[in-house]
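Here is the structure we will look at.
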Amino acid sequence: MKIKSVECTVLIAPNCNPDACDSSQDTIVVQIHTDDGITGIGEADTNPWVVKALIESPGSHIMSLGFQELLIGQDPTQPQAIWDRLYTYTAMTGRRGAGISAISAIDMAIWDIYGKATSRPIWHLLGGARRQFITPYASLIPEGRTLTDQRKDLLAKVNWAKKFGFKAAKLQICIKGPYAHNRLQEGDEAIIELVGACRQAVGSSMTLMVDVAYGWSDWKEALRACRGLEEYDLFFLETPLPSDDLEGYARLADATNIRIAAGEWLQTRFEFDDLINRGHIDVLQPDVGRVGGITEAIRVAEMGRDRGKIVVPHCWKTGIGIAATAHIAAASANCPFIEFQPAPVAYSPIRRELVQDELVLENGIMALPRKPGLGIELNEDAFKRFAKVASELYVSPNQKDGSVLSTCNAESSAAST
């Protein structure tokens with residue numbers, strides 16, 4: 001079996017909101033087709049147009065060949081070998097950044113083919129299950145353009161998550177800093193109050209995590225807030241500082257009794273090595289759509305295991321990435337939770353509608369995937385609809401009277417009214 005062609009499709013939600021701290025409003029779906037008629041699917045979590053351009057672009061010399069041309073004719077039952085081939089021969093352009101995100105989507109699709117070709121779920125191909133079930137946490141981002149509205153929505157969602165059967169939830173309290181949801185800029189007191197209100201609402205039996213989306217600029221500022229959060233028994237505090245502030249992470253992790261989690265934007269095991277050694281992080285959060293796909297996420301998980309670290313994979317995308325993350329968790333001994341954005345409370349229709357045959361939550365856990373490959377299929381009607389939105393939103397860089405973001409703003413405003 002050989003790879004015959006690669007197809008890249010950008011999808012955009014019709015209600016996309018550029019002020020939102022929500023990357024599930026777009027995606028790029030990479031479909032890899034083989035000469036045996038098997039198709040694998042994957043996605044990346046970054047600018048979808050950039051990844052599409054990278055994959056489809058030709059190369060001109062041995063240090064920066066094109067992804068697509070490197071794939072044609074390869075055997076998709078050798079995903080690790082293909083990963084190394086892509087990483088080596090696109091290194092000048094793609095050894096970090098969007099290039100690794102492109103490899104992430106490709107790698108997912110290749111593992112999907114491998115599983116379908118052998119009639120086995122991916123976790124089986126990764127060495128077998130290290131656990132009997134998967135425990136997702138409900139990842140909850142509140143809607144609203146005021147603190148009052150977000151507070152009300154977050155409390156409603158965390159109560160819903162507990163009643164639905166989730167054993168754990170992550171509160172995305174992104175209300176300060178450069179990536180504040182809907183551009184709110186509130187103080188640390190508001191963060192602490194929101195966490196306290198949610199803890200009171202769900203009681204002590206539910207595990208809670210908090211994501212502040214890089215809200216603090218230095219570790220001492222973050223530490224002051226941590227002191228106020230320590231009484232609420234958090235499983236971890238996610239991305240309190242900029243990704244590159246490894247010294248700040250180390251000082252913060254050493255000073256607070258809350259586990260510090262990071263890594264959602266990091267790529268390859270090499271960056272996670274720095275995060276562990278220099279950043280003293282407690283919880284590693286590789287994102288399968290950014291770190292380098294399933295191949296590299298497993299390498300990171302194994303590195304974390306060998307260093308005594310917990311791994312809780314990040315995934316804020318569609319059912320494609322969630323499915324891939326589930327296989328990683330199944331094959332990892334040190335992965336107590338996976339991130340799971342529940343479709344019923346998701347803002348993005350891409351998250352709600354793109355994928356069929358998702359894993360089902362029962363009594364707070366999910367059974368291991370049993371279908372071959374990723375175990376999911378695309379909803380073709382939704383796929384075509386969101387692809388059409390993307391094609392209509394795209395404008396050339398020379399267009400001065402509009403942009404994708406301005407069009408998204410108009411669509412989002414219309415949807416909200």
Can you tell which of Tyr232, Tyr249, Tyr214, Tyr179 is of a type outside the set (Asp, Glu) and farther than 24 Å from Asp287 by Cα? Tyr232
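Residue check: is Lys152 of a type outside the set (A, V, I, L, M), part of a helix (DSSP H, G or I), surrounded by fewer than 24 Cβ atoms within 10 Å (Cβ to Cβ) and in contact (Cβ under 8 Å) with a residue 24 or more places away in the chain? Before the answer, list the steps.
On the way: of a type outside the set (A, V, I, L, M): yes; part of a helix (DSSP H, G or I): yes; surrounded by fewer than 24 Cβ atoms within 10 Å (Cβ to Cβ): yes; in contact (Cβ under 8 Å) with a residue 24 or more places away in the chain: no.
The answer is no for Lys152.
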Starting from segment 157-168, take each residue that is surrounded by fewer than 16 Cβ atoms within 10 Å (Cβ to Cβ) and list its partners that are in a loop (DSSP other than H, G, I, E, B) and polar (S, T, N, Q), counting only C-beta distances under 9 angstrom and pairs at least six apart or across chains. Gly165/Asn363
Within segment 52-67, considering residues that are in a loop (DSSP other than H, G, I, E, B) and among the small types (Gly, Ala, Ser), the one most open to solvent (accessible area, probe 1.4 Å): Ser60
For segment 73-149, which fully contained helices (runs of 4 or more DSSP H) count at least 1 residues that are under 20 Å from Thr46 (Cβ atoms) and open to solvent by less than 10 Å² (accessible area, probe 1.4 Å)? 79-89, 91-94, 98-118
Residues of segment 334-345 being open to solvent by 10 Å² or more (accessible area, probe 1.4 Å) and outside any helix (DSSP H, G or I), in sequence order, are Asn334, Pro336, Phe337, Phe340
Of the criteria (1) without any contact (Cβ under 8 Å) to a residue 60 or more places away in the chain; (2) assigned to a helix (DSSP H, G or I); (3) open to solvent by 40 Å² or more (accessible area, probe 1.4 Å), which one Leu70 fails: (3)
Taking Leu171 and the conditions (1) open to solvent by 10 Å² or more (accessible area, probe 1.4 Å); (2) touching a Pro at 6+ places or on another chain (Cβ under 9 Å), which numbered condition does it fall short on, given that it satisfies the others? (1)
Of all residues in segment 310-327 being β-branched (Val, Ile, Thr), touching a Leu at 6+ places or on another chain (Cβ under 8 Å) and more than 20 Å from Gly99 (Cβ to Cβ), which is surrounded by the most Cβ atoms within 10 Å (Cβ to Cβ)? Thr318
If you go through segment 281-304, how many residues are among the β-branched types (Val, Ile, Thr), in contact with a helix residue (DSSP H, G or I) (Cβ under 6 Å, 6 or more places away or on another chain) and closer than 24 Å to Arg251 by Cα? 2
Given the residues Ala382, Ala331, which is the only one that is among the aliphatic types (A, V, I, L, M), surrounded by fewer than 20 Cβ atoms within 10 Å (Cβ to Cβ) and at pLDDT 95 or above? Ala382
List pairs: first residue in segment 36-64 and in contact (Cβ under 8 Å) with a residue 12 or more places away in the chain, second residue among the acidic types (Asp, Glu) anywhere in the structure, Cβ distance under 8 angstrom, at least six positions apart or on different chains. Gly40/Asp112; Ile41/Asp112; Gly42/Asp107; Gly42/Asp112; Asp45/Asp287; Pro48/Asp26; Gly59/Glu69
Can you run down the residue pairs with Cβ atoms below 8 Å, 6 or more apart or on separate chains, where the first is in segment 363-381 and among the acidic types (Asp, Glu) and the partner is buried (at least 20 other Cβ atoms within 10 Å of the Cβ)? Glu377/Val355
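The values are calculated or read from the model by the stated rules, or taken from the named source; none is laboratory data. Note that this is a predicted model, so its numbers are computed, not measured. Backbone-built Cβ (ideal geometry, glycine too); neighbour counts: all protein chains shown. With ligands, DNA and RNA removed, areas are computed over all heavy atoms of the protein, side chains included. Shrake-Rupley method; radii C 1.70, N 1.55, O 1.52, S 1.80 Å.
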